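For reference, the structure is listed below as structure tokens.
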Amino acid sequence: MEQSPETSKMGSMPVPKLMLATGIPMILSMVLQAVYNIVDSAFVSNMAENGEAALNALTLAFPMQMLMVAIGIGTGVGTNVLLSKRLGQGNKDGASRVAGNGIFLAIVIYVVFLLFGLFGVRFYISTQTTNPLIFDMAVSYLRVCCTISVGIVFFAIYEKMLQAAGHSMYSTIAQIAGAVTNIVLDPIMIYGLLGCPAFGVVGAAYATVIGQCVSFLLALIFHLKVNTEISNRLRYLKPSGRIIREIYAIGLPAIIAQALMSVMTYGLNIILITISESMVTAYGLYYKIQQFILFAAFGLRDAITPIISFSHGMRNKARIKEGIKYGMLYTLVIMLVGTVLVEVLAGPFSQVFGLSGETQALCISAMRIISISFVFAGANIAFQGVFQALDGGLESLILSLCRQLIFVLPVAWLFARLVRQAVAGSWLVWTTFPIAELVSVLIACLLMRRINKRIAALGA
């Protein structure tokens, strides 16, 4: 079957050029996704009253928001890889069935989070705080984010379908539009500008979900317009157990990898509160700042995965090796630049949020110590993209468990026990992350040896 120019470039354009052409829009898209997480924090922390309590409330809600992103993006990754492979094989009908099942899964995911928003939010927040002010703020914010999560869930699917077919610029445009909408609406809805009531923390939630819906609607329009190699007939929405299993055989490790970020943050909130509330606030804020760097690596990973997966479908060993080489090289360059930026700008970054002296000092300490791990984290993220593209779901899962659970929560708990309530010793807790990423990258190198055997088994 003849392929479109956009699809054929995945198999013919030189890999270094293709990696940049595909990766730069994805990097911009992912960095803009981080905007959703940081803009709300910047505005609520500067509210006239209870700004730091509001920032703490958003930190408690954040793990569940991350879980929504995890399931949406993980399902999208599975759809992306499978769709890329079908397109690489020239199988238009198979690609359309994959896309239809991805949309069906998005419907199911949204219903689950709608129900959680209605019935589960209060219990979830109660496990992290007993402060009534922070509790009420967190519940109000998260309930809106969950019940109107249709935008974030469906955008995750349509974004990956655009990327799989080589239309990553369109997904970036949709992401930019949503981010700009969020930025514009935040001060209006939080502070009550231009005749809008001052909603406070809830206004931040409304601005977020409206921005997400804008991104989703634009991505849907672009998908219908430019993904001409994919049929959108209703019959393709019929769920197929085989296709869903294939999507999650690829996507489940990605879901777990992203969900482990949620579990890790939730667990750290519980560990850090034993030292002080300021530790929780400082870590939550640092985490959102560092997402600008890590999400850039995630964006490049999302270029690495379909490029290598497409080459895998073609059984082109040379292009697979080039995809691994340049994907790793570009990722490490991004992370080196990110490390320098965070180290140099730690102070100015922290001043944006109007923090108290102790919380600001803790946030700066976190940035300066944890950023040491960025290069190792980037290598791990790139390895995960390679593993996913080459049917290495198990290897990707093992790596995720190492860097986000096995070598994080137990170590952080131990260090917190040593520090106890001595905030001055918080630097020891922050060293958890460089330790975890360094050990994990050594394990990733060992896992890559298994993957290399699969590459060797392919034809030239």
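The values are calculated or read from the model by the stated rules, or taken from the named source; none is laboratory data. In this text the structure is predicted, and so the values were computed from the model without any measurement. Note that we place each Cβ from the backbone using ideal geometry, even for glycine, and neighbour counts take in every protein chain shown. When the accessible area is computed, the model is the full protein with side chains, heavy atoms only, and any ligands, DNA or RNA have been set aside. Shrake-Rupley method; radii C 1.70, N 1.55, O 1.52, S 1.80 Å.
Per-structure values
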item: Accessible surface of the chain, 1.4 Å probe, proportion on carbon and sulfur as whole %; result: 70 percent
item: Residue-normalised accessible area of region 188-266, given per residue in Å² at a 1.4 Å probe; result: 46 Å²
item: Reachable lysines from K225, criterion Cα separation under 21 angstrom, eight or more residues apart if same chain; result: K9, K92, K160
item: The chain - mean residue ellipticity at 222 nm from DSSP helices (-39,500 (n - 2.57) per run, n ≥ 4, rounded to 500); result: -28500 deg cm²/dmol
item: Backbone HN-Hα couplings from phi across region 212-223 [Karplus 6.51/-1.76/1.60, Hz, Gly and Pro as x]; result: 5, 5, 4, 4, 4, 5, 5, 4, 4, 4, 5, 4
item: Cβ-Cβ FRET estimate between T274 and R315, R0 fixed at 60 Å, reported to 0.05; result: 0.65
item: For peptides 72-83, 125-136, sequence by mean Cβ density within 10 Å, most packed first; result: 72-83, 125-136
item: Peptide ranges 179-189, 373-383 listed from the most packed, as the mean C-beta count within 10 angstrom indicates; result: 373-383, 179-189
item: Accessible area expressed per residue, region 372-460, with surrounding protein chains retained (probe 1.4 Å, Å²); result: 42 Å²
item: Built amide H within the under 5 Å cut-off of S149, gap 5+; result: none
item: Charge tally in the Cβ shell below 15 Å around I275, where Lys, Arg are +1 and Asp, Glu are -1, I275 excluded; result: 0
item: A456 versus W427: modelled label distance in nm, points set 7 Å from Cα along the beta carbon direction; result: 4.6 nm
item: Residue order for R233, R143, R242, R301 - accessible surface, 1.4 angstrom probe, largest first; result: R233, R242, R143, R301
item: Rounded if a/c under 1.5, otherwise prolate or oblate - region 93-207, Cα gyration tensor axes; result: oblate
item: Between helix 374-389 and the chain: long-axis angle, C-alpha atoms, 0 to 90°, nearest 10; result: 40 degrees
item: Degrees, to the nearest 10: 15-45 long Cα axis against longest axis of the chain; result: 20 degrees
item: Helix 132-147 axis, angle to the chain major axis (alpha carbon atoms, nearest 10°); result: 20 degrees
